[in-house]
Every structure is written in structure tokens, then in C-alpha cells.
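Each remark here refers to the structure printed beneath this line.
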Amino acid sequence: MSEALIRQAVFGEKSTLARFKVGRGTRVGLHSHPNEEFLVVTAGALKFDFTDREILVRAGELLLIPMNTPHSVQALEDSEFLDFFTPARED
């Protein structure tokens with residue numbers, strides 16, 4: 001992580017809950033993972049890019065990213081969000 005991306009995570013046996021703080025302009029490149037990802041933005045706005053569409057998620061909104069779905073994300077503002085992954089992340 002860097003100053004522009006801060007993560008706190010709790011790793012359970014079958015799931016992972018993580019809290020992120022990201023600075024405006026922070027990008028996470030195209031990736032996928034074998035986990036369902038449930039995300040709620042608590043502050044700010046994030047833009048998710050998928051192969052076939054772009055989704056903007058603002059404070060108070062939720063997003064589900066299915067397993068093995070390639071996606072990237074960019075923080076359009078200083079943002080905070082919670083991510084719930086199942087099965088548990090291994091990183």
C-alpha cells in the first residue's frame with residue numbers, strides 16, 4: 001500500500017472484510033480474483049471499468065463484482081469504502 005491507498009483487513013476462515021482509504025486519482029490496474037467482491041462506498045466516488053462497461057459508485061452506493069471478473073478502479077475523489085470478499089482472500 002502507499003500513502004494514496006491505505007487498507008485495513010480482517011481475514012476470516014471463509015471471508016475477508018477490508019476497509020480502504022484512497023486519494024483522488026489513485027488507480028488500481030486491471031485485475032481479477034477468485035472471490036465475489038461486495039463493495040460499499042462510504043465517502044467519495046469510484047469509477048470501475050469492466051470489459052463491457054463503466055460503473056460510477058458514489059457514497060452510499062453498493063456494487064457486486066462477480067468472481068473472476070476483470071476490472072480496474074480509479075478514485076474520482078478522496079474516497080473510503082468497505083470490501084467484503086468470499087471466499088477469503090489469500091493476500
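Data for the structure
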item	result
Full-stretch length increase - E77, K14 - with 0.36 nm per residue and alpha-carbon distance subtracted	19.5 nm
Karplus-derived 3J(HN,Hα), 6.51/-1.76/1.60, for each residue of the stretch 18-29, Hz, glycine and proline x	10, 10, 10, 10, 10, x, 3, x, 4, 10, 10, x
Given charges at Cβ of Lys, Arg, Asp, Glu: the chain dipole, positive-most of I6, N35, L64	I6
Distant-in-sequence amide H partners of S15 (H built 1.01 Å from N, under 5 Å)	A88
Label-point separation in nm, V40 to I55, each point 7 Å along Cα→Cβ	1.6
Sparsely packed trypsin sites (Lys or Arg not before Pro) within the chain, loop by DSSP, other Cβ within 10 Å at most 13	K14, R24, R53
Surface/4 of the Cα convex hull for the chain, nm²	5.2
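Rule-based calculations on the coordinates, nothing more; no lab input. The structure presented is a predicted model; accordingly, all values stated were derived computationally and were not measured. Every residue, glycine among them, receives a Cβ derived from its backbone with ideal geometry; neighbour counts consider all protein chains shown.
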